[in-house]
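All of the numbers you see were taken from the coordinates with simple rules; none came from a lab. All figures in this text were calculated on a predicted structure; none of them were measured in a lab. Virtual Cβ from ideal backbone geometry, glycine too; neighbours counted across all protein chains shown.
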Amino acid sequence: MSVVVQKYGGTSVADAARIGNVARRIVATFEQGNSVCAVVSARGDTTDELLELAREITPNPPEREMDMLLSAGERISCALLAMAIHRLGYDAVSYTGSQAGIVTDTVHMKARILDIHPMRVQEAMKDGQIVLVAGFQGVSTAKDVTTLGRGGSDTTAVALAHALEAAVCEIYTDVDGVYTANPSLVAKASKLDHISYDEMLEMAASGAQVLALRSVEYARKYDIPIHVRSSFTDAEGTWVTDGGHGMDIEQQLEQPIIRAVSYTTDEAKVTLRGVPDRPGVAARVFTALAVAHVNVDTIIQNTSESGHSDISCTIPVEDIPAADKALKEIVKEIGAREYDTDADIAKISLIGAGMRSHPGVAAKMFQTLADLGINLDMIGTSPIKISCVIAKEHVDEAVRELHTVFDLDEDAVSHEPSDRGSC
Ligand code: ADP
Ligand code: ASP
Ligand code: MG
């Protein structure tokens, strides 16, 4: 019997009717002769509501207690889904992350999965039960409940797919696949049939919320194909797999230069000013941020003037309090003048493995933004991504214009070999 791992996102289980719909889908998969393990997210906006509840109590809730609170959202939907499956006459059992054997490190609210001991899941499946697992959570090596960071149910699903040796991890969501841009912002975005782990990784890292970054990292590491699809239709979705290998030169040349435009408004820019320009200073700043579990992205250091320079980096907005605490100390220690934080920024990114062999992508991106009168605050690159930090107010027009200029609009997408030799 083959094992199928499915994950249903918050919108897919938002109310009783949708839970009933998901129950029927799971039962249909079971009826096809599969063992089914379904990972479930908290219903609708439950996680946001729980965060708000905590804020009503205190501005600085202890992170251990936040995990106790937030993990409840997934437990609720998981138990309700088990009841809905029982009602259809099938045997289902729900497990918390801990009961499903998901062991994490001790970093509350963004724990990493260290190990999975899925014995209970496997035994239940052997007994013919449909297994439901509360996503986004585990138990730490210190035996406390942990959560995996926003969107973490995707990671639970991919990790379970690996542990249960499933052939594929199906991610059911409210869109029917991965698009060339967020379809709720760009009406002309088109669905991708296939995308490589590397490109998806860059998309997830730059704001395409459809898959959580860590789930893609996990899938790439263990080569687990992900099928992103809609929980409301039967349409084939987007396959996220190891795209590069096995492709011949001709196929590679046919790859579009740019695959997608992503953006995030969930990052802030931190600037340290008057930083003494001597060896080891940057290391101390970024070590302090790392110790505070702040995820740093684009980094820029300006040229030194009279022995001092400015260092800027972007960090997730949710990490601002932790960064503040760390930077207050380190600014004093290294003798920097000051630091400030600007949350009114957006980062827009172009992603595509094809840009490796096509010069001029950056120039065309910068010109497009310049034509819109948009100033570039920071620029960051990887071999398959170019990101620009701009003022938040310009993000919508910038994303739509880049989508058009790089020929991604639905009516412009062609499956013929591209003749756009230079950009
Ligand atoms: P779920 O609750 O199912 O986990 P999410 O809200 O986390 O769903 O992710 C799905 C959403 O991701 C979509 O509704 C869409 O607005 C957003 N999204 C952002 N970028 C993309 C993209 N490139 N392709 C598809 N969806 C995207
Ligand atoms: N419920 C969590 C969130 O909203 C985890 C998830 O949905 O994947 O981020
Ligand atoms: Mg999600």
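Among 178-187, 42-51, how do they line up from the highest to the lowest mean number of other beta-carbon atoms within 10 Å?
Highest to lowest by the protection proxy: 178-187, 42-51.
Distance cut-off 28 Å, Cα to Cα: go down the list LYS110/LYS191; LYS110/LYS325; LYS221/LYS385; LYS191/LYS269; LYS325/LYS392 and report the pairs above it. Don't skip to the answer; put the middle values down first.
Working: LYS110/LYS191 30 Å; LYS110/LYS325 18 Å; LYS221/LYS385 20 Å; LYS191/LYS269 32 Å; LYS325/LYS392 25 Å.
Correct reply: LYS110/LYS191; LYS191/LYS269.
How big is the shadow of the Cα convex hull of the range 34-74, averaged over all directions, in nm²? Write down the numbers at each step before the final one.
On the way: hull surface 14.0 nm².
So the Cα hull casts an average projection of 3.5 nm².
If each residue's Cβ is checked for other Cβ atoms within 10 Å, how do MET378, MET355, MET203, MET83 rank with the fewest at the top? Can you show the working numbers first?
Values: MET378 19, MET355 26, MET203 29, MET83 12.
By the 10 Å Cβ count, ascending, the order reads MET83, MET378, MET355, MET203.
Compute log10 of I(q)/I(0) for the range 37-189 with the Debye formula, placing one identical point scatterer on every Cα and leaving out solvent, at q = 0.21 Å⁻¹, to two decimals.
-1.30
Suppose each label sits 7 Å from its Cα in the direction of the beta carbon; what would the ARG120-ARG87 distance come out to in nanometres?
Reported label-point gap for ARG120 and ARG87 is 2.5 nm.
Nearest 0.05, what FRET efficiency do LYS221 and HIS293 give at R0 = 35 Å with Cβ-Cβ as r?
It comes to 0.95.
Suppose the chain between ASP342 and ASP242 were pulled fully straight at 0.36 nm per residue; how much longer would it get relative to their current alpha carbon spacing?
Between ASP342 and ASP242, full extension yields 32.3 nm more.
Take the Cα of ASP277, step 7 Å along the line toward its Cβ, and report every residue of the range 319-359 whose backbone nitrogen sits under 16 Å from that point.
Residues passing the 16 Å test: 336-337.
Using only the alpha carbons, work out the radius of gyration and Dmax of the range 347-415 in angstrom.
Answer for the range 347-415, Rg first and Dmax second: 11.9, 35 Å.
Using Cα springs under 10 Å in a Gaussian network model of the chain, which residue among VAL131, VAL210, VAL296 shows the largest mean-square fluctuation?
VAL296
Provide, in order from the shortest bin, the percent of all Cα-Cα pairs of the range 1-101 in each 10 Å bin, continuing until the bin that contains the maximum pair distance.
So the P(r) values, bin by bin, are 15, 43, 28, 12, 3.
If the elastic network links every pair of Cα atoms under 10 Å, which of GLU401, GLU65, GLU318 fluctuates the most in the Gaussian network model of the chain?
It is GLU318.
Which three semi-axes in whole Å describe the equivalent ellipsoid of the range 72-116, each the square root of 5 times a Cα gyration tensor eigenvalue, listed largest first?
With the √(5λ) rule applied to the range 72-116, the semi-axes are 27, 12, 5 Å.
R0 = 25 Å: FRET efficiency of GLU393 with ARG284, Cβ-based, nearest 0.05?
The computed FRET efficiency comes out at 0.15.
Span-like helices, the chain: DSSP H, alpha-carbon axial extent 24 Å or more, mean Kyte-Doolittle 0.0 or greater, which ones?
Qualifying helices: 63-87.
How much of the pair distance distribution for the range 7-48 lies past 13 Å, counting alpha-carbon pairs only, in percent?
Roughly 52 percent, rounded to a whole number.
Using only the Cα atoms of the chain, what semi-axes does the equivalent ellipsoid have when each is the square root of 5 times a gyration tensor eigenvalue? Give whole Å, largest first. The partial results should precede the final answer.
On the way: eigenvalues 279, 170, 66 Å².
Equivalent-ellipsoid dimensions as semi-axes: 37, 29, 18 Å.
Rounded to whole Å and sorted largest first, list the principal axis extents of the Cα atoms in the range 139-183.
41, 25, 14
Once you put a point 7 Å from the Cα of ARG55 and another 7 Å from the Cα of HIS194, both along the Cβ direction, what distance in nm separates them?
Going from the ARG55 label point to the HIS194 one covers 4.3 nm.
Just to be sure I understand: with springs between alpha-carbon atoms less than 10 Å apart, which residue in THR303, THR404, THR233 has the highest mean-square fluctuation in the Gaussian network model of the chain?
It is THR303.
Taking the alpha-carbon distance from LYS332 and a cut-off under 18 Å, which aspartates and glutamates remain once sequence neighbours fewer than 8 residues away in the same chain are dropped?
Within the straight-line cut-off, LYS332 pairs with ASP277, ASP310, ASP324, ASP340.
By how many nm would the segment from LEU372 to THR233 grow when fully extended, if each residue of separation counts as 0.36 nm and the alpha-carbon distance is taken off? Each step should come with its number before you reach the end.
Numbers: separation 139, 0.36 × 139 = 50.04 nm, distance 3.83 nm.
Working it through step by step, the gained length comes to 46.2 nm.
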